[in-house]
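First comes the structure, then the notes that go with it.
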Amino acid sequence: MTRLWHRLRLWLHSRRELIQSHLLLQARVARLEEHVTLLERQRDTAIDCLDRLKWMACADSAAAKGFIEHLGPAPRAD
């Protein structure tokens with residue numbers, strides 16, 4: 001009976017260690033998922049900023065072109 005009891009205690013101990021490891025892994029996965037969510041938000045913000053910069057560059061280019069056209073042709077160097 002003592003041998004059986006000893007085996008049972010070993011089994012319970014290993015089972016408890018497996019459960020603790022599983023819980024630690026679950027916590028790590030949750031933290032990683034939060035980190036991924038944060039990175040996705042940062043990526044979306046960066047994409048939005050790039051889109052705005054492209055729009056501003058196009059608007060500046062159009063404004064510059066309109067201003068140059070407003071000035072008329074460049075004077076000729078004779």
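The values are calculated or read from the model by the stated rules, or taken from the named source; none is laboratory data. Nothing here was measured: the structure is a model prediction, and the numbers come from that model. Ideal geometry is used to build each Cβ from the backbone, glycine not excepted, and the neighbour counts take in all protein chains shown.
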Just to be sure, is Glu17 more than 30 Å from the chain's Cα centre (by Cα), modelled with pLDDT of 95 or more and either surrounded by 10 or more Cβ atoms within 10 Å (Cβ to Cβ) or not β-branched (Val, Ile, Thr) (or both)? yes
Does Asp44 fit the bill of being part of a helix (DSSP H, G or I) and modelled with pLDDT of 90 or more? yes
Looking only at segment 20-70, which residues are under 23 Å from the mean Cα position of the chain (by Cα) and of a type in the set (Gly, Ala, Ser)? Ala27, Ala30, Ala46
